[in-house]
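Here's the structure we're looking at; comments come further down.
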Amino acid sequence: MIEAINGQSLLGCRHYEVARLLKELPRGRTFTLKLTEPRKAFDMISVRSGGGRPGSGPQLGTGRGTLRLRSRGPATVEDLPSAFEEKAIEKVDDLLESYMGIRDTELAATMVELGKDKRNPDELAEALDERLGDFAFPDEFVFDVWGAIGDAKVGRY
């Protein structure tokens, strides 16, 4: 796991953000990578000790939550996606593969999260540009993502 490039911390960064930073490094110049073994990267996370009964705390170890590591703030446990979100993520991931030749469920999940409460494709396009502007998604792709999210909302699989 890459922890830092030239002293700039990459903790909490998505893989495409790390790739962009690596791509932007000047050719022919020396740079420093700080690497961490994957197991050691998670040593800081442990079950909280407390006086509560088992199961009263966060849903660690139940398989009903997702651990999110943040660059700012503590790691959190989030609920699993709903059936609608799972289907929408799957459809958006398929669109990513057909348009860009990549499969990235985390990127698809981010796109679904950004689009699930938007009222029209223009609002989705603005949200995607604001958060994922480096991708410069074409309008046709954004419209298809909007359709995939809408289909999943109403149960059209």
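The values are calculated or read from the model by the stated rules, or taken from the named source; none is laboratory data. Values in this document were obtained by computation on a predicted structure and should not be read as measured data. Note that we place each Cβ from the backbone using ideal geometry, even for glycine, and neighbour counts take in every protein chain shown.
Yes or no: Glu24 surrounded by 11 or more Cβ atoms within 10 Å (Cβ to Cβ) and either assigned by TED's automatic domain parsing to the domain that holds Gly133 or modelled with pLDDT of 70 or more (or both)? Can you show your working first?
Details: surrounded by 11 or more Cβ atoms within 10 Å (Cβ to Cβ): no; either assigned by TED's automatic domain parsing to the domain that holds Gly133 or modelled with pLDDT of 70 or more (or both): yes.
Spelling it out, it is not the case that Glu24 is surrounded by 11 or more Cβ atoms within 10 Å (Cβ to Cβ) and either assigned by TED's automatic domain parsing to the domain that holds Gly133 or modelled with pLDDT of 70 or more (or both).
Does Ala83 count as within 16 Å of the chain's Cα centre (by Cα) and either closer than 22 Å to Leu67 by Cβ or free of Cβ contacts under 8 Å to residues at least 60 places away in the same chain (or both)? Criteria not met by Ala83. So is Asp117 free of Cβ contacts under 8 Å to residues at least 60 places away in the same chain, among the acidic types (Asp, Glu) and either surrounded by fewer than 13 Cβ atoms within 10 Å (Cβ to Cβ) or farther than 30 Å from Leu21 by Cβ (or both) or not? Yes: the conditions hold for Asp117.
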